[in-house]
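K.L.:
One structure, as structure tokens, below. Some questions next.
The values are calculated or read from the model by the stated rules, or taken from the named source; none is laboratory data. All of these numbers come straight from a predicted model, not from anything done at the bench. Counting neighbours? That spans all protein chains shown, and the Cβs are built from the backbone with ideal geometry, glycine included.
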Amino acid sequence: MCLSSIIISPSKIGLNYKKELVVTYQIFGKPLGTSPVVLVNHALTGNSSVAGAFGWWKQLIGDGLTINTLKYTILAFNIPGNGFDNQADNLIENYKMFSTTIIAQIFWEALNKLNISTLFAVIGGGLGGAFAWQMAFLKLKVIELLIPIACNYKASDWLIGNVFVQDSILNHSSNPVEDARMHAMLLYRTPQSFQQKFGRECELDSKVYKIESWLNYHGKALKDRFEPASYKLMNHLLKTIGESISEENFIFFLKNTHTIINIISVDSDYMFTEKEQAETYQFIKKRYTKVNYNVIESVHGHDAFLIEFEKLGKTLENYL
């Protein structure tokens, strides 16, 4: 893992925060300044390792793949405070000061420091897609392709309610990250996905259901990856998606942008439902011509963008 870093002064984005913000990032493919830049925003439990041997999107990003590292400069930031750099000084305890708008402003400031004035594409799944939306609202004429996947520009009451429960678990449980993660997995997948995967089976020589073992595994795995402060921040950011975007703001954006908007939803998504994303598409289509909409069919719910690589790759090929 080769991480580079940028220091952002909170005052540059109007944030009353005592410490400087450290933004770490990775670059894959062509060197900066030589090719169009594709910014990939990571999801809630993701990070800047989007490609390579341990890349969470390595099936999509690489030499000759859908997001072609022989053709593009692939840039991925870590959300400040996500803990991927393993630096305790960079953890954010007062997480409720931050929002998707503030993180998007931080990303734009980091891009400015990297002397990147235009982006060929901004892509993200889940929370990463919400940052893509927010970045587009902040800079109306800088992004050529906007590709939000399995997300919407604004958090629903259902999502806000789940964030509230997660926050309660994280602040009151004796095993906060593990317990919160187990609860979250029920939102990321679907009953059909679990039934297909586990079929009510138990582990060999045990009365423990396989679904229980699987949830325990994911809880412990995330505990090894996340400090509680990091997970509290990432969970909280979901609640803030689109909180500053009114219908009037959205209409102003559509009247003044030239960005091509490519919305990709998952038909079984419980976290950002296909219905709400279809409504966003219809809202845009009535006012703006440069918009496309695709639905990935999957039993796996929200996590389909991390599972259905072949289907997602074929969809992205239409744009990239």
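K.L.:
Consider residue 264 carefully, then state whether it is closer than 24 Å to residue 79 by Cβ and surrounded by fewer than 22 Cβ atoms within 10 Å (Cβ to Cβ).
P.N.:
Numbers: closer than 24 Å to residue 79 by Cβ: yes; surrounded by fewer than 22 Cβ atoms within 10 Å (Cβ to Cβ): no.
For residue 264, the condition - closer than 24 Å to residue 79 by Cβ and surrounded by fewer than 22 Cβ atoms within 10 Å (Cβ to Cβ) - is not met.
Rundown of residues vs (1) within 17 Å of residue 251 (Cα to Cα); (2) buried (at least 18 other Cβ atoms within 10 Å of the Cβ); (3) touching a helix residue (DSSP H, G or I) at 6+ places or on another chain (Cβ under 9 Å), yes/no style:
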{"residue": "268", "(1), (2), (3)": "no, yes, yes"}
{"residue": "285", "(1), (2), (3)": "yes, no, no"}
{"residue": "297", "(1), (2), (3)": "no, no, yes"}
{"residue": "301", "(1), (2), (3)": "no, yes, yes"}
{"residue": "304", "(1), (2), (3)": "no, yes, yes"}
{"residue": "308", "(1), (2), (3)": "no, yes, no"}
{"residue": "314", "(1), (2), (3)": "no, no, no"}
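K.L.:
Do we have residue 62 as surrounded by 17 or more Cβ atoms within 10 Å (Cβ to Cβ), modelled with pLDDT of 95 or more and not β-branched (Val, Ile, Thr) here? Spell out the reasoning first.
P.N.:
Values: surrounded by 17 or more Cβ atoms within 10 Å (Cβ to Cβ): yes; modelled with pLDDT of 95 or more: yes; not β-branched (Val, Ile, Thr): yes.
For residue 62, the condition - surrounded by 17 or more Cβ atoms within 10 Å (Cβ to Cβ), modelled with pLDDT of 95 or more and not β-branched (Val, Ile, Thr) - is met.
K.L.:
Further, regarding this structure: What residue, of 170, 159, 140, is within 19 Å of residue 290 (Cα to Cα), modelled with pLDDT of 95 or more and out of contact with any Gly (no Cβ under 7 Å at 6 or more places or on another chain)?
P.N.:
Every option except 140 fails the conditions.
Residue by residue, here is whether (1) farther than 22 Å from residue 163 by Cβ; (2) in contact with a Pro (Cβ under 9 Å, 6 or more places away or on another chain) holds:
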| residue | (1), (2) |
| --- | --- |
| 236 | no, no |
| 241 | no, no |
| 253 | yes, no |
| 257 | yes, no |
| 262 | yes, yes |
| 267 | yes, no |
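K.L.:
I'm checking my understanding of the structure. Among residues of the stretch 4-28 that are within 22 Å of the chain's Cα centre (by Cα) and of a type in the set (S, T, N, Q), which one is nearest to residue 54 (Cα to Cα)?
P.N.:
The extreme case among them is 26.
K.L.:
Still on this structure: Quick one: how many residues across the stretch 113-150 are more than 20 Å from residue 49 (Cα to Cα), among the aliphatic types (A, V, I, L, M) and not in a loop (DSSP other than H, G, I, E, B)?
P.N.:
So the count comes out to 6.
K.L.:
Take residue 292 and decide whether it is in contact with a strand residue (DSSP E or B) (Cβ under 7 Å, 6 or more places away or on another chain) and surrounded by fewer than 20 Cβ atoms within 10 Å (Cβ to Cβ).
P.N.:
It is true that residue 292 is in contact with a strand residue (DSSP E or B) (Cβ under 7 Å, 6 or more places away or on another chain) and surrounded by fewer than 20 Cβ atoms within 10 Å (Cβ to Cβ).
K.L.:
Same structure again: Residue 187 fails exactly one of the following numbered conditions: (1) surrounded by 12 or more Cβ atoms within 10 Å (Cβ to Cβ); (2) more than 27 Å from residue 267 (Cα to Cα). What is the number of that condition?
P.N.:
Residue 187 satisfies all of (1) surrounded by 12 or more Cβ atoms within 10 Å (Cβ to Cβ); (2) more than 27 Å from residue 267 (Cα to Cα) except (2).
K.L.:
Answer yes or no: is there a residue in the stretch 198-212 that is surrounded by 17 or more Cβ atoms within 10 Å (Cβ to Cβ), assigned to a helix (DSSP H, G or I) and in the same structural domain as residue 76 (by TED's automatic domain parsing).
P.N.:
Within the stretch 198-212 (the criterion being surrounded by 17 or more Cβ atoms within 10 Å (Cβ to Cβ), assigned to a helix (DSSP H, G or I) and in the same structural domain as residue 76 (by TED's automatic domain parsing)), the answer is no, since none of the residues qualifies.
K.L.:
Could you please find all residues in the stretch 274-298 being polar (S, T, N, Q) and not in a loop (DSSP other than H, G, I, E, B)? Break it down into steps so the answer makes sense when it comes.
P.N.:
Here is the first cut: in the stretch 274-298, the residues polar (S, T, N, Q) are 277, 280, 282, 289, 292, 294, 298.
If the condition is that a residue be polar (S, T, N, Q) and not in a loop (DSSP other than H, G, I, E, B), then 277, 280, 282, 292, 294 are the ones that fit.
K.L.:
Restricted to the stretch 38-53, and to residues that are touching a residue at least 12 places away in the same chain (Cβ under 8 Å) and surrounded by fewer than 24 Cβ atoms within 10 Å (Cβ to Cβ), which residue is farthest from the chain's Cα centre (by Cα)?
P.N.:
Among those residues, the one meeting the criterion is 52.
K.L.:
Continuing with this model, one more query. Right, residue 95: touching a helix residue (DSSP H, G or I) at 6+ places or on another chain (Cβ under 7 Å) and surrounded by fewer than 23 Cβ atoms within 10 Å (Cβ to Cβ) or not?
P.N.:
yes
K.L.:
Kindly provide the set of residues from the stretch 232-256 that are touching a residue at least 40 places away in the same chain (Cβ under 8 Å) and farther than 18 Å from residue 101 by Cα, ordered by number.
P.N.:
Correct list: 256 only.
K.L.:
Restricting attention to the stretch 46-101, which residues are outside any loop (DSSP other than H, G, I, E, B) and among the aliphatic types (A, V, I, L, M)?
P.N.:
Within the stretch 46-101, 61, 67, 74, 75, 76, 88, 97 qualify.
K.L.:
List every residue pair whose Cβ atoms lie under 6 Å apart, where the two residues are 6 or more positions apart in sequence or sit on different chains, the first residue falls within the stretch 268-293 and is modelled with pLDDT of 95 or more, and the second residue, located anywhere, is among the aromatic types (Phe, Trp, Tyr) and not in a helix (DSSP H, G or I).
P.N.:
Once the first residue is modelled with pLDDT of 95 or more and sits in the stretch 268-293, its partners that are among the aromatic types (Phe, Trp, Tyr) and not in a helix (DSSP H, G or I) give 281/293.
K.L.:
Let me ask something else. Kindly establish whether residue 110 is crowded, with 24+ Cβ neighbours inside 10 Å, of a type outside the set (Val, Ile, Thr) and within 29 Å of residue 309 (Cβ to Cβ).
P.N.:
no
K.L.:
Here's another thing I want to ask about it. Only one of (1) within 14 Å of residue 26 (Cα to Cα); (2) out of contact with any Phe, Trp or Tyr (no Cβ under 6 Å at 6 or more places or on another chain) fails for residue 70. Which number is that?
P.N.:
(1)
K.L.:
If I ask for residues that are within 25 Å of the chain's Cα centre (by Cα) and more than 23 Å from residue 177 (Cβ to Cβ), which ones from the stretch 198-247 would you list? Walk me through it before giving the result.
P.N.:
The initial filter retains those residues of the stretch 198-247 that are within 25 Å of the chain's Cα centre (by Cα), namely 214-247.
Answer for the stretch 198-247, where residues must be within 25 Å of the chain's Cα centre (by Cα) and more than 23 Å from residue 177 (Cβ to Cβ): 242, 243, 244, 245, 246, 247.
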